[in-house]
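**Student:** Structure below; questions to follow.
Read-outs throughout are calculated quantities, based only on the coordinates presented, and are distinct from any laboratory measurement. Note that the structure is a prediction, hence the values are computed from the model and not measured. Note that we place each Cβ from the backbone using ideal geometry, even for glycine, and neighbour counts take in every protein chain shown.
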Amino acid sequence: MSRLIVVSNRVTPQQAEGGASQGGLSMALSAALREYSGIWFGWSGASTTAWTGELNEQKVGGVTVVTVDLEEQDIEEYYNGYANRTLWPLFHYRIDLTQYERSYGSGYARVNARFAEVLAPLIRPDDIIWVQDYHLIPLGRELRERGVRNAIGFFLHIPWPARELVVTLPRHRQLVESLFYYDVIGFQTQEWRNAFVAYVLYEASGMAMTDGQVRAFGRTVLPKAFPIGIDAQGFSKLLKTETAQESYARMIESKAGRRMLLGVDRLDYSKGIEERILAYDRLLADHPELRGQTFLLQISTETRSEVDAYQEMMARLDALSGRINGAYAEVDWVPVRNVHRMHTREELAGVYRAADVMLVTPLRDGMNLVAKEFVAAQNEADPGVLVLSRFAGAAQQMREALIVNPFSQEDVADAIKRALEMPADERRRRWRALMDGVEKDDIVAWRDSFVQCLQGVREGDLAKGPRARKIRPFPDVPTGSA
């Protein structure tokens with residue numbers, strides 16, 4: 001069997017073990033790699049005074065991890081700069097926060113070239129290469145230029161924005177063109193896949209093929225939706241651990257007979273945390289009878305502290321929580337518990353199980369695996385209710401959740417009230433349908449469907465004799481180079 005080489009921006013031993021890290025990507029990849037005799041390659045997270053390309057290799061949790069250190073300038077321009085100040089806000093529809101600087105683009109190109117430089121010698125002729133996420137879009141092109149002819153796939157874990165937003169990016173055509181050096185491009189949802197194809201057709205004068213592939217820039221690629229899942233069985237086993245049971249017991253005692261609303265997010269403006277807390281504020285204002293009977297536990301793990309937008313957001317959240325608590329709190333009740341501490345997966349499993357209502361309300365999200373973890377953690381006899389943003393990728397699969405518009409405080413507040421009042425029979429029915437989907441579309445299904453599709457494209461197993469249909473751009477859309 002071919003080896004699988006997974007490439008991601010960052011990989012640490014803790015991530016490879018699937019331990020305390022809350023990142024959905026790290027947990028998903030560690031589970032996938034254990035099934036293959038392969039390599040996980042990426043940045044170590046450490047800095048060096050000068051680039052050497054020296055590789056660090058170790059075996060962690062059954063996974064071979066190969067990492068490389070980056071220079072401080074690389075970290076600032078490639079990671080903090082282009083990845084997190086340019087692409088992340090743009091791809092999450094926050095053009096107001098997007099920063100365009102030439103040095104960021106130069107650092108992004110340089111690091112992708114350096115990754116390819118040290119990775120290419122490790123690749124065997126029959127290896128399958130799977131590149132992860134927006135940090136490494138140009139890596140496929142860099143590997144091809146170094147003679148790599150293996151099957152190379154790319155998976156985007158965040159949304160692909162509408163073409164009207166993509167064109168605001170300087171050199172956007174070059175970025176999109178680099179994706180055509182892959183064989184398969186994976187997206188979380190059909191919506192994001194269609195947004196990518198729309199750019200290809202109307203901005204790059206591309207062609208759509210009858211077999212699903214698209215052609216532009218003299219190359220052909222298959223864009224397809226592969227919704228990511230979780231290790232459902234593994235997550236359910238976490239509930240049996242001593243840590244999870246202790247966490248659950250502590251939460252039940254802390255609830256003191258009240259109903260708990262829960263939010264668990266990485267601290268990010270895309271997650272809709274401020275809007276969520278404001279919706280709860282609206283609920284308390286409109287329904288005084290719920291005061292003292294409910295509380296919101298918001299766990300927001302701090303990341304990317306080097307980016308000013310995140311520091312400012314934390315300050316706003318703390319101020320907002322303080323205002324609401326000042327307005328409504330009693331000596332024995334605080335409406336909002338705002339927590340920034342990192343929690344292990346076992347601890348979170350216990351917290352999920354104790355929650356009555358889970359609020360997953362991002363303003364824009366690729367998938368959001370927290371929604372699926374919450375479902376997997378529930379007590380079948382007395383499950384909690386999932387309130388889910390229509391703008392999370394998970395909403396395309398999890399229709400039995402209460403789907404809301406996170407931009408509307410009234411809509412979210414009404415959904416919370418409905419969830420609190422929902423009869424047990426309806427809660428069980430909705431949970432059963434959600435759990436069936438979580439188990440069916442799990443991490444194994446995601447991994448196998450992508451890898452098999454990548455192998456099929458390389459082996460020519462798509463429909464014989466694909467025909468291209470030329471779809472011309474709208475007359476009012478310029479298609480010149482950018």
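**Student:** Fully extended, how many nm does the chain gain between ARG258 and VAL334 (0.36 nm per residue separation, minus their Cα-Cα distance)?
**Tutor:** Between ARG258 and VAL334, full extension yields 26.2 nm more.
**Student:** Next question. What list of ³J(HN,Hα) couplings, whole Hz, do you get for the range 42-53 from phi and the Karplus terms 6.51, -1.76, 1.60, once you set θ to phi - 60° and write x for glycine and proline?
**Tutor:** x, 6, 6, x, 9, 10, 9, 6, 8, 5, 10, x
**Student:** Can you work out the FRET efficiency for the pair VAL444 and ILE95, with r the C-beta to C-beta distance and R0 = 30 Å, to the nearest 0.05?
**Tutor:** With R0 = 30 Å, the Cβ-Cβ based efficiency is 0.20.
**Student:** So which of LYS255/LYS440; LYS59/LYS224; LYS240/LYS440 end up more than 30 Å apart by C-alpha?
**Tutor:** Beyond 30 Å: LYS255/LYS440; LYS59/LYS224.
**Student:** Using helices alone, I'd like the mean residue ellipticity at 222 nm for the chain: each DSSP H run of four-plus residues gives -39500 (n - 2.57), total over residue count, nearest 500.
**Tutor:** After summing the helix terms and dividing by residue count, I get -12000 deg cm²/dmol.
**Student:** Could you check the simple spin-label distance between THR241 and ASN379, using points 7 Å along Cα→Cβ, in nm with one decimal?
**Tutor:** 2.2 nm
**Student:** Taking trypsin sites (Lys or Arg not before Pro) as exposed when DSSP calls them loop (any state but H, G, I, E, B) and at most 10 other Cβ atoms lie within 10 Å, what is the longest stretch of the chain free of them, the sites themselves excluded?
**Tutor:** Result for the longest clean stretch: 1-148.
**Student:** Here's another thing I want to ask about it. Roughly how many Å is it from the Cα centre of the range 168-212 to that of the range 306-344, as a whole number?
**Tutor:** The two parts, judged by their Cα centres, are 40 Å apart.
**Student:** Assuming R0 = 45 Å, what is the FRET efficiency of ALA225 and ASN325, from their Cβ-Cβ distance, to the nearest 0.05?
**Tutor:** 0.60
**Student:** Just to be sure I understand, if you calculate Cα extents along the principal axes in Å for this structure, which of (1) 67, 55, 47; (2) 68, 64, 45; (3) 68, 53, 44 do you get?
**Tutor:** (1)
**Student:** On to the next question. Taking 0.36 nm per intervening residue step and subtracting the Cα-Cα distance, what contour gain separates LYS417 from GLN174 on full extension?
**Tutor:** So the chain would gain 82.7 nm between LYS417 and GLN174.
**Student:** R0 = 30 Å: FRET efficiency of GLN311 with GLU191, Cβ-based, nearest 0.05?
**Tutor:** Once the sixth-power term is evaluated, E becomes 0.40.
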